[in-house]
Amino acid sequence: MAKAVYLSAREAAEELGVSPATLYSYVSRGLIRSEAVGDEKRRRRYRAEDIERLKARRELRRDPAGAAQQALSWGMPLLESELTLIADGRLYYRGCDALKLAREMSFEQTARLLWTGEAQETSFSPPSPALQLNAGAITLGGIEAFQAALLHAEAGDPAAYDLRPKSVVQKGKGILRLFTAVLAGPNGASRPAASALQSAWAPYRPEAAGLINAALVLCADHELNTSAFTVRCAASAGASPYAAVLAGLAALKGVRHGGAARRVQALFQEVERSGQVQGVLSARLQRGEGIPGFGHPLYPQGDPRARLLLEMLAESRPAQALELAQAITAEAQELLGEQPNIDFALVCLQQALGLPEDAALLLFALGRMAGWIAHAIEQYRAGTLIRPRARYTGPPPEPASPHGDDR
């Protein structure tokens, strides 16, 4: 079941273990937001996320080590960042509504916004020699090809470890062009990513460019997710931007992160083969496999990124192109009570436009690189090493020798 967004006064007080008077005190101090229930001004409901945040603060004071451990898993904030805000079921990049940006701004402008705070146009001059793609030397596909290309680019860039923000922004532009070239061919490096991918992947579907651009923008950043945190750890150690992006790619490929798109893709294929949506989904639940592509802990009312991308698909594609996706969505909502997430929407885009295998994951990776580079810039500026401590749970240490030596 979806997590509640609001709690009643009784539920909120019980959750906090306080009296109603104390609850009202928290509201008056701005610690908990409340609003009237319908037209009943005397009845109010209280934001569940504020209550959870207040509980986390109290737990931090009571048990700092335990609270820190909980913070590493969908918990309280660990780092300060000016990049992305997830609040009230919405997503913002530097204060700008990401859904609005997806309809109105290019991916390159969005990247620039994340990197510098200004949404300037990005030029597409030929890549520097260090970032030129040797297509003939790369025989791997997709992400693996880009990982190889990144290693080559770092080795050929004598200023790879110039970590000043202006220099990292220039490297970021080159990295995005390089990955676009890996996906769309060498000529793709001199064109906007969405246009280059549309020409390479869906040449007879001009509407695909806008949809691909929206997908890239919606994937550009998502606060301190696993891959972004990995990038920040690498950057905090003084790794080059190339190495930081490589670290992010390694995390993104995991099946609990961007690799979840491959699980959604497998679900589509299974339903297509059997022709039985309910049967496939029910069998998955019986086997304990779950149904990928639905629900998100940060969006109890549904992932807004998925909602927008699916709306844009419905606006531009014939209804029959989305029949399978709509059938899976309806059945999953009936069984789980959850809405589609961005992984599901990206696979729907891949299916509806007839994009290549793994396009959903590749779009996720290209889009998210904009955020990774922004996180790296922030971390380089911070100049601090990320080094949390572990709570040891292994066997007790052996007793020390009374002589300090076991020889």
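The values are calculated or read from the model by the stated rules, or taken from the named source; none is laboratory data. As the structure is a computational prediction, the values presented were derived from the model and not from experiment. Side chains included, ligands, DNA and RNA excluded: accessible areas come from the protein's heavy atoms. Shrake-Rupley method; radii C 1.70, N 1.55, O 1.52, S 1.80 Å.
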Give me the accessible area per residue for the range 143-302, probe 1.4 Å, as a whole number in Å². 40 Å²
If you roll a 1.4 Å probe over the chain with all protein chains in place, what percent of the accessible area is carbon or sulfur? 51 percent
On alpha carbon coordinates alone, what is the Rg over Rh value for the range 295-407, Rh being the Kirkwood radius? 1.30
Let me know the shape class of the range 243-292, please: from the alpha-carbon gyration tensor, a ≥ b ≥ c as square roots of the eigenvalues, rounded when a/c is under 1.5, otherwise prolate if a/b is greater than b/c, or oblate. prolate
Let me check against my output: what whole-number percent is the relative contact order of the chain, with C-alpha pairs under 8 Å and at least 6 apart? 19 percent
Please report the equivalent ellipsoid semi-axes of the range 151-223, computed as sqrt(5 x eigenvalue) of the Cα gyration tensor, largest first, in whole Å. 27, 15, 8
Cα extents of the chain along the three principal axes, largest first, in whole Å? 73, 68, 47
Helix-only mean residue ellipticity at 222 nm, the chain, DSSP H runs n ≥ 4 weighted -39,500 (n - 2.57), per residue, nearest 500. What is it? -17000 deg cm²/dmol
